[in-house]
Amino acid sequence: MFKKIHVVVAVSALLLTACGQSNESSTGNETPAAASFPVTIENNGVTVVIPEQPDAIISLSPTATEILFAIGAGDQVVAVDDQSNFPAEAPISDLSGFTPNLESIVALSPDLVVVSFDVDGIVAALTSAEIPVLVQYAATTLDETYLQIAELGAATGQIENADALSAQMQSDVDAAIAQVPAEAAGLTYFHELDNTLYTVTSATFIGSIYALAGLTNIADTAAGADSGYPQLSPEFIVDADPAIIFLADTKCCGQTAETIKQRPGFEGLSAVANGNVVELDDDVASRWGPRTVDFVKAIVDGVLTVTAK
């Protein structure tokens, strides 16, 4: 479910509109967006006040980590969770976003914590410890990604950089999608999350990115599609015979175009026979931050390979 974000920044103004949703700011004048504190953010229905520009941020979200560094707030980050492996300079630690430990977090004296979901009451616990915490749930569209970038820009005093990042992402995505030829419309695809054949539907963030290129997801008609993440059977995939297969399990599960050929029945798939199996970076294909542009480009490259044959 989409979590609407309202950002109220004293003195400075920030307004980002996307698909009817907006980051709203109150302002006392017409001055350009700038770092001005305190900042009040309505985050998923909870008011979060950040009294001063944070310089001891902890990110327990790999996507938030990527956004923070992309908007120039990297120097303000003192620790990131054990899954935040990009960029290389991120101060990775043994902190976990899946099983957060309050004592370990508090020991680092953070002035802002960012998480991608609330688990084990960590948000309430941090709030009780008077530590501002923002929850940025997984986006379901690029527009939601842009809203989260704007929120982190306001929270860290990096408003202009955040605006610039979103604008550049939009431009890069548009340029990539513009390369998709008309004859690619409706090409079918299968996106593999792991080698047990879990996948995504068009209702997910990942699926929405493929939809930008006009592709048709074979999983949308599968049993369990309502979950957004159905597990397909080999028989279903063979019957659907996707034109392109995208592997988002090259790191986790060691899958490649060659390993796909070894699966019973898969050697006859059009995507396999025609060499239209695209090996993705698992992380790039699963996060909803700045590197979504790389994901879009990988999809477009796969489409161009198919249509050029």
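Odds and ends about this structure:
- Count of region 224-268 residues which are in a helix (DSSP H, G or I) and touching a Leu at 6+ places or on another chain (Cβ under 8 Å): 5
- All conditions but one from (1) closer than 24 Å to residue 304 by Cβ; (2) touching a residue at least 24 places away in the same chain (Cβ under 8 Å); (3) in the same structural domain as residue 296 (by TED's automatic domain parsing) apply to residue 225; the one that does not is (1).
- Restricting attention to region 238-256 and to residues that are touching a Ser or Thr at 6+ places or on another chain (Cβ under 9 Å) and β-branched (Val, Ile, Thr), the residue that is surrounded by the fewest Cβ atoms within 10 Å (Cβ to Cβ) turns out to be 256.
- Residues (in contact with a helix residue (DSSP H, G or I) (Cβ under 7 Å, 6 or more places away or on another chain) and surrounded by fewer than 16 Cβ atoms within 10 Å (Cβ to Cβ)) located in region 86-119: 87, 89, 102
- Residue within region 147-157 that is of a type in the set (Gly, Ala, Ser) and either closer than 17 Å to residue 277 by Cα or surrounded by fewer than 19 Cβ atoms within 10 Å (Cβ to Cβ) (or both) present: no
- Put simply, of 87, 110 the only residue that is assigned by TED's automatic domain parsing to the domain that holds residue 161 and more than 22 Å from residue 41 (Cα to Cα) is 87.
- Unique residue being under 29 Å from residue 302 (Cβ atoms) and under 16 Å from the mean Cα position of the chain (by Cα) when the list is 165, 187: 165
- Residue check, residue 309 among the basic types (Lys, Arg), under 25 Å from residue 142 (Cα atoms) and in a loop (DSSP other than H, G, I, E, B): no
- Contacts under 7 angstrom Cβ, first residue in region 58-70 being among the hydroxyl-bearing types (Ser, Thr, Tyr), partner assigned to a strand (DSSP E or B), 6 or more apart: 59/77; 59/80; 59/114; 61/114; 61/115; 65/59; 65/80
- The set of residues in region 184-215 being more than 22 Å from residue 143 (Cβ to Cβ) and outside any loop (DSSP other than H, G, I, E, B) consists of 184, 188, 189, 190, 192, 198.
- Filter result for residue 219 (buried (at least 18 other Cβ atoms within 10 Å of the Cβ) and either closer than 30 Å to residue 71 by Cβ or basic (Lys, Arg) (or both)): no
- Residue list for region 105-130, restricted to those being farther than 25 Å from residue 160 by Cα and in contact with a strand residue (DSSP E or B) (Cβ under 8 Å, 6 or more places away or on another chain): 105, 108, 117, 118, 122, 123, 126, 127
- Residue pairs meeting the criteria (Cβ under 7 Å; at least 6 apart or on separate chains; first buried (at least 19 other Cβ atoms within 10 Å of the Cβ), in region 182-204; second charged (D, E, K, R)): 192/249; 193/249; 199/192; 201/220
The values are calculated or read from the model by the stated rules, or taken from the named source; none is laboratory data. Just so it is clear, the model here is predicted, and its values are computed rather than measured. Methodologically, a virtual Cβ is constructed for each residue, glycine included, from the backbone with ideal geometry; neighbour enumeration extends over all protein chains shown.
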